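The values are calculated or read from the model by the stated rules, or taken from the named source; none is laboratory data. What you see is a predicted model; the values in this text were computed from it and never measured. Positions of Cβ are backbone-derived with ideal geometry, glycine not excepted, and every protein chain shown enters the neighbour counts.
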There are 2 protein chains.
Amino acid sequence: MLHISALEKLVHELSRLPSIGPKTAQRLAYFILKSEKDFPEKLSTALLRLRAEVHECARCFNFTDAEICRYCEDPHRSDDSLCLVEEPADIMRIESSGAFRGRYHVLHGAISPLEGIGPHDLKIKELIRRIDAGLHNESPAIKEVIFALDADLEGDTTILYLAKQLQGKGLKLSRIAHGVPIGSDIDFIDDRTMNRALQNRVEL
Amino acid sequence: MLHISALEKLVHELSRLPSIGPKTAQRLAYFILKSEKDFPEKLSTALLRLRAEVHECARCFNFTDAEICRYCEDPHRSDDSLCLVEEPADIMRIESSGAFRGRYHVLHGAISPLEGIGPHDLKIKELIRRIDAGLHNESPAIKEVIFALDADLEGDTTILYLAKQLQGKGLKLSRIAHGVPIGSDIDFIDDRTMNRALQNRVEL
């Protein structure tokens, strides 16, 4: 449709990005054509550098450009509690709340039979090994595992599966609270959230 | 904030794209990190290829990867009428309507005193030269100039300026009609559009 092969190719590649449809991709490509001379090169260099430098942390599977990520490295964080998240980006969300000073473990997804994602596709084997190493005094012991997974079917399935796997290891298991978001209007809360907020009501 | 220099750099570059804020850029960068191994390279290659191969058409300033763009090249299009647009992307919009089979001229912007864009920043000198060449039989004569500029202050200013410049050259000047879009609910039309639609009412 654009009749310029190099333009069509870029639009095609940009369209593969999430939330970028063909129309937006086209607008971005035109913007890049009209941008400062060195912008495509800078963007291209940044893309290649990302893949060359960033990889998974050997311990928690967060993204890092070092051997071990900054949260695993930090001597001021507690080894007692381990927070499980689905994606590296989730760590930042938790960090910016300032309410957690333990360690992380990134599963890189959640169990989803519909999408064909089973326990073996996630960093679960590595999680068990990490917890067991603590139990055998090969590393500082983990006392609590906090599930900070998405509040959906996949998250719930993963929590059920892992709770079973972690049984009998003497760990305190917990999940982050679900309920009415702070600052929100009660009127706009969906049924499932309100249901959970009532079930998990906190005594005053 | 992301604490990984290569990731921060890519987020920074992606944030320079229109409609991509820091939050979206971050999401895109994480997607790229988790994408197929060759995606960053493909995207990077497409970016560099765009700038290397695509440039402005020597005649109408549309983007092309040839010397002359496909609309200037096409022998089946009429040389009689010339359609003025602000951006190369506007040509596609007009083409897909199928209502115009003449030639184009891309101004690459519109006059905007607020943004410091004057006539000399646009392809106006080139437009006048093109029209004059037709008048002096150096190229096929242009008989009508159609303004298909944006319906805003900048578009209107540019039309006023150009109408003056093109006076006395024996050209028919016109602008595309502004009014209520086809298929739209009268109830949702803004005052200025309705004003224009009433002013320019068409006799039955």
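Can you name every residue in the range A:39-55 that is over 29 Å from B:E67 (Cβ atoms) and either within 7 Å of chain B (Cβ to nearest Cβ) or in contact (Cβ under 8 Å) with a residue 12 or more places away in the chain (or both)? So that I can check it myself, show each step before the final result.
First, the residues of the range A:39-55 that are over 29 Å from B:E67 (Cβ atoms): A:45-55.
Of everything in the range A:39-55, those that are over 29 Å from B:E67 (Cβ atoms) and either within 7 Å of chain B (Cβ to nearest Cβ) or in contact (Cβ under 8 Å) with a residue 12 or more places away in the chain (or both) turn out to be A:A46, A:L47, A:L48, A:R49, A:L50, A:R51, A:E53, A:V54.
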If we scan the range A:110-124, do we find a residue that is of a type in the set (G, A, S), at pLDDT 95 or above and either within 21 Å of A:E144 (Cα to Cα) or under 12 Å from the mean Cα position of the chain (by Cα) (or both)?
-> yes
Single condition A:L127 does not satisfy, out of (1) over 18 Å from A:N62 (Cα atoms); (2) in a helix (DSSP H, G or I); (3) of a type outside the set (S, T, N, Q) = (1)
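Scan the range B:157-197 for residues that are in a helix (DSSP H, G or I), out of contact with any Ser or Thr (no Cβ under 9 Å at 6 or more places or on another chain) and of a type in the set (S, T, Y) and jot them down. Outline the logic, then answer.
Quick first cut of the range B:157-197, residues in a helix (DSSP H, G or I) only: B:157-165, B:186-188, B:191-197.
Subset that is out of contact with any Ser or Thr (no Cβ under 9 Å at 6 or more places or on another chain): B:159-165, B:186-188, B:191-197.
Hits for the range B:157-197 are B:Y161, B:T193.
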Qualifying position, being surrounded by 12 or more Cβ atoms within 10 Å (Cβ to Cβ), over 15 Å from B:R59 (Cβ atoms), without any contact (Cβ under 8 Å) to a residue 40 or more places away in the chain and among the acidic types (D, E), among B:E87, B:E115 | B:E87
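Identify, from the list A:R16, A:R93, A:R77, the residue that is on the phi < 0 side of the Ramachandran plot, of a type in the set (D, E, K, R), more than 9 Å from every other protein chain (Cβ to nearest Cβ) and in a loop (DSSP other than H, G, I, E, B).
Going through A:R16, A:R93, A:R77 in turn, the sole match is A:R77.
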Determine, yes or no, whether B:E36 is among the acidic types (D, E), without any contact (Cβ under 8 Å) to a residue 60 or more places away in the chain and more than 8 Å from chain A (Cβ to nearest Cβ).
-> yes
